[in-house]
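K.L.:
The following block contains the structure, expressed as structure tokens.
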Protein chains: 2
Amino acid sequence: VPVIFRQLFDSKSSTYSYLLGDARSGLAALIDPVRQQVDRDLQLVEELDLTLELVLETHLHVDHVTGAAELRERTGAKVVASERGAPTADLHVREGDVVRVGAIDVRVLETPGHSEDSLSFLAGNKLFTGDALLIRGTGRTDLQNGDPGQLYDSLTQILFHLPEETEVWPAHDDAGRCMSTIGEEKRHNPRLAGRSRVWFVDFMNKCRLEPPRLIDVALPANRACGNVTTEVSP
Amino acid sequence: VPVIFRQLFDSKSSTYSYLLGDARSGLAALIDPVRQQVDRDLQLVEELDLTLELVLETHLHVDHVTGAAELRERTGAKVVASERGAPTADLHVREGDVVRVGAIDVRVLETPGHSEDSLSFLAGNKLFTGDALLIRGTGRTDLQNGDPGQLYDSLTQILFHLPEETEVWPAHDDAGRCMSTIGEEKRHNPRLAGRSRVWFVDFMNKCRLEPPRLIDVALPANRACGNVTTEVSP
């Protein structure tokens, strides 16, 4: 399948979004789009002669508001999220589901631990990890029903069983490294390489992190797919 | 040739650098490295089991200080620049030269106009354009012996003659789009698509831009490959 692929960066929230398109059918998905970047993203979709069919959310973000609802409204795209994610998504997926973007199969992997709804998406050899596996790091585990032991299992028992050359495309990297691979993270992630589950749980439990600046706005907004005018009850 | 390729971002100066390696020989080059990111870049080189052989400079930057001298000092890498670029480079190249990174041929294209020393580097289907061709934009032409007519010719007569699927990897993109292609820029670059040379020259001459904040530090430093303790006469 000839794939169109773009990493997109929102500098304000330091978030990576991704455009994934099937060049032949022209059908495309945006992964973790940011509300403030919807115009940019749609312009790119149009210039690349693509039709936006799906918006994929790796999880309920706490650091930015998703562009999902606005993209849905402006294009008719369907929003895909975990069963434990945004209740207003159009399609709720779970472990083993396959979502199709034209001829591209996107496999859904449940990788909870950063948040209870964390998914990773595997398309060919590209793995979109959200905030579960980061580059030389991991997501935090002290919010959103996070759980360090569960995250350790998600990373070491699920993601690290993928081929070493699998490309890792996360939702953030504050050091400006744009991607990694499973092999690299197995060997060089300081929280995981040679670390036991007990060590990891202890390390994560000792992390004292500030709450994300935007969490009180972002979390309810993202339960509504970023449609901040919609009221949603949990 | 199996290629290792990474885009790297310096958020302070909003600069993209690139790591290009030949996976078989383990030899690698950094393109437009940033001085403040040398530790990050060398750690990645080491973790990927690469040996840094070359540092390639697309031009004398005015918005950040290059990491070239420090990389040279710490690894023995040779610094490659235009004949009209840093006089302290180890190797001065010109149009048509080919620089080898292991088994990867990197073709040197002279693309002046943003600065008199602007080079683009072509490795396979990856084109590193520095500040000459940007995504949906171009570099400015009011500094460093820039010339709008010359930049128009560089972009339309040289870069736009490359295959449409050639990937464009610039030194900056303030909108957070990480890459483009020659075909996209031919069709959608608002300064070039359907624009005459006369229009472009007029447009660029009418741009009134602030001088880059760091120019008085960066330009002399970069003539010394970023070695700010070395005195260099023009």
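Only the coordinates and a few stated rules stand behind these numbers; no lab work does. Note that the coordinates shown come from a computational prediction; the quantities given were computed from them, not determined experimentally. Please note: Cβ atoms are built from the backbone with ideal geometry, for glycine as well, and neighbour counts cover all protein chains shown.
K.L.:
What percent do you get for the relative contact order of region A:60-127 when only Cα pairs under 8 Å and 6+ apart count? Spell out each step's value before the answer.
P.N.:
Details: 92 pairs, mean separation 14.7, N = 68.
Normalised by residue count, the contact order of region A:60-127 is 22 percent.
K.L.:
Now for a different question. What residues qualify as long-range amide H neighbours of A:Val101, i.e. H under 5 Å apart, gap of 5 or more or another chain, H built at 1.01 Å from N?
P.N.:
A:Val106
K.L.:
What does the charge dipole of region A:18-114 about its Cα centre add up to, to the nearest 20 debye, if the Cβ of each Lys and Arg holds +1 and the Cβ of each Asp and Glu holds -1? Could you put the intermediate results ahead of the total?
P.N.:
Values: 10 positive and 18 negative charges, 28 e Å.
It works out to roughly 140 debye.
K.L.:
Another one. Along region B:104-120, what does the Karplus equation 6.51 cos²θ - 1.76 cosθ + 1.60 (θ = phi - 60°) give for ³J(HN,Hα), rounded to whole Hz, x for Gly and Pro?
P.N.:
8, 8, 10, 8, 8, 10, 7, 10, x, x, 6, 9, 5, 9, 5, 10, 10
K.L.:
If you don't mind, there's one more thing I want to ask. Using a label position 7 Å from Cα in the Cα→Cβ direction, what is the ascending list of nm distances from A:Asp202 to the same site in the other copies?
P.N.:
From this label point to the equivalent ones elsewhere in the assembly: 7.3 nm.
K.L.:
Taking the Cα centre of region A:86-198 as origin and charging only Cβ (+1 Lys, Arg; -1 Asp, Glu), how large is the dipole, in debye to the nearest 20? Write down the numbers at each step before the final one.
P.N.:
Numbers: 12 positive and 18 negative charges, 72 e Å.
The calculated dipole for region A:86-198 is roughly 340 debye.
K.L.:
Dipole of region B:77-167 (Lys/Arg Cβ +1, Asp/Glu Cβ -1, origin at the Cα centre): which of B:Gly96, B:Ser118, B:Ala77 lies farthest to the positive side?
P.N.:
B:Ala77
K.L.:
Over chain B, what is the relative contact order in whole percent, taking alpha-carbon pairs under 8 Å and six or more residues apart?
P.N.:
Working: 520 pairs, mean separation 42.8, N = 234.
Contact order relative to length: 18 percent.
K.L.:
Counting other beta carbons within 10 Å of each residue's own, what order do A:Asp32, B:Asp202 fall into, fewest first? Walk me through the numbers on the way to the answer.
P.N.:
Values: A:Asp32 28, B:Asp202 12.
Least crowded to most crowded, the residues run B:Asp202, A:Asp32.
K.L.:
Then there is this: In whole Hz, what ³J(HN,Hα) sequence does region B:204-216 give by Karplus (6.51, -1.76, 1.60; θ = phi - 60°), x for Gly and Pro?
P.N.:
Here the 3J(HN,Hα) series is 5, 5, 8, 5, 10, 10, 5, x, x, 3, 9, 4, 5 Hz.
K.L.:
For A:Leu127, B:Leu122, B:Leu209, B:Leu91, which order do you get if you count the other beta carbons within 10 Å of each Cβ and list the fewest first?
P.N.:
Details: A:Leu127 26, B:Leu122 18, B:Leu209 10, B:Leu91 13.
Sorted ascending by nearby Cβ count, the order is B:Leu209, B:Leu91, B:Leu122, A:Leu127.
K.L.:
Between the helical axis of B:38-47 and the dominant principal axis of chain B, each derived from Cα atoms, what acute angle in degrees is found, rounded to the nearest 10?
P.N.:
60 degrees
K.L.:
Let's see if you can work this out: charge +1 on each Lys and Arg Cβ, -1 on each Asp and Glu Cβ, no other charges. What is the dipole magnitude of chain B about its Cα centre, in debye to the nearest 20?
P.N.:
Working: 25 positive and 36 negative charges, 103 e Å.
Rounded to the nearest 20 debye, it is 500 debye.
K.L.:
Placing the label point 7 Å from Cα along the Cα-to-Cβ direction, what are the distances from B:Pro190 to the equivalent spots in the other copies, shortest first, in nm to one decimal?
P.N.:
B:Pro190 label point versus its equivalents elsewhere: 4.3 nm.
K.L.:
I've got another one for you. If you take every residue apart from A:Gly26 with its C-beta less than 10 Å away from the C-beta of A:Gly26, what net charge results, scoring Lys and Arg +1 and Asp and Glu -1? It would help to have the intermediate numbers written out before the result.
P.N.:
On the way: positive: A:Arg24; negative: A:Asp22, A:Asp49, A:Glu53.
Within the 10 Å Cβ shell, the charges total -2.
K.L.:
With point charges of +1 on the Cβ of Lys and Arg and -1 on the Cβ of Asp and Glu, referenced to the Cα centre of chain B, which listed residue (B:Pro190, B:Ser180, B:Thr51) lies farthest in the positive direction of the dipole?
P.N.:
Farthest towards the positive pole: B:Pro190.
K.L.:
Among B:Phe200, A:Phe5, which comes first, second and so on when ranked by fewest other beta-carbon atoms within 10 Å? Intermediate results must be reported in sequence, preceding the final value.
P.N.:
Numbers: B:Phe200 22, A:Phe5 16.
Least crowded to most crowded, the residues run A:Phe5, B:Phe200.
K.L.:
Using Cα-Cα distances under 8 Å and only pairs 6 or more residues apart, what relative contact order does region A:88-130 have, in percent? All intermediate terms of the calculation are to be shown ahead of the outcome.
P.N.:
On the way: 62 pairs, mean separation 11.2, N = 43.
Answer for region A:88-130 is 26 percent.
K.L.:
Between the label point of A:Phe5 and that of the same position in each other copy, find the distances and list them shortest first in nm, with every label point placed 7 Å from Cα along the Cα-to-C-beta direction.
P.N.:
1.0
K.L.:
Where in region B:109-127 does the amide nitrogen come within less than 19 Å of the point 7 Å from the Cα of B:Asp153, taken along Cα to Cβ?
P.N.:
Those under the cut-off are B:109-120.
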